[in-house]
Amino acid sequence: SDNCDECDIILVNTCAIREHAEAKALSMLGRFKSIKKKNPELIQRMIDEGHTIGNHSVTHKSMPSLTEDECINEIQGLHDYMKDNYNYEMTLFRPPMGEFSEFSLAVTKNCGYETVLWSYAYADWDVDNQPDKTEALQKLNNSLHNGAIYLLHSVSSTNAEILGDFIDNALKQGYEFQ
């Protein structure tokens, strides 16, 4: 079984993507140390399946609160790890907690990254307070729109249970995943 309880993802949780090969995901890595130790095979699988893997920093700190060198280290640390261990070049960055400033955006750009944020998120990250399955699926389905970027956390048992139905519904309505 896959152990992806430490990675954040946008659009689609790669743990559930197996049944939906047409739904290519934009997957974001976070919690650098946990992924490095627990999920090397998941990272390789995401690469092999053609997912776009983006940078989410080494330690998940608020980028606007950091110095230029600290910002660079947060971005470059994970970048170098992916390049050295998987020969994978990341070009997209999602700032932790979605927090950014003009300064941190400039540093990100100078590191060769494009900043990516989301158009939809909901409170799914608290493992002790998971949203109701029916309500969560309805929220996701009601929020479908062209160009949508969904922030879904893989620690969410609710997301794991509803993701297949959400993808099926989106595809049935004519949406495509890129």
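Farthest towards the positive end of the charge dipole of the stretch 34-136, among the residues VAL116, THR91, HIS60, is the Cα of THR91, using unit charges on the Cβ of Lys, Arg, Asp and Glu. Per-atom-type breakdown for the stretch 104-150 gives carbon and sulfur 47% of the accessible area (1.4 Å probe, protein chains only).
The lysine pair count for the stretch 32-178, using Cα distances under 30 Å and pairs eight or more places apart or on different chains, is 19.
Residues with beta-carbon under 13 Å from that of PRO64, excluding PRO64: net charge, scoring Lys, Arg +1 and Asp, Glu -1? List each step's numbers first, then the result.
Numbers: positive: LYS61; negative: GLU68, GLU70, GLU74, GLU99, GLU102.
Summing Lys and Arg as +1 and Asp and Glu as -1 gives -4.
About the centre of its Cα atoms, the stretch 41-85 shows a dipole size close to 120 debye [charges on the beta carbon of Lys, Arg (+1) and Asp, Glu (-1) only; nearest 20 debye]. The mean accessible area for residues of the stretch 139-178, using a 1.4 Å probe and ignoring ligands and nucleic acids, is 51 Å² per residue.
The values are calculated or read from the model by the stated rules, or taken from the named source; none is laboratory data. All values derive from a computational prediction rather than experimental measurement. All Cβ positions, glycine included, derive from the backbone under ideal geometry; neighbour counts span all protein chains shown. Note: accessible area is taken over every heavy atom of the protein model, side chains too, but ligands, DNA and RNA are not part of it. Shrake-Rupley method; radii C 1.70, N 1.55, O 1.52, S 1.80 Å.
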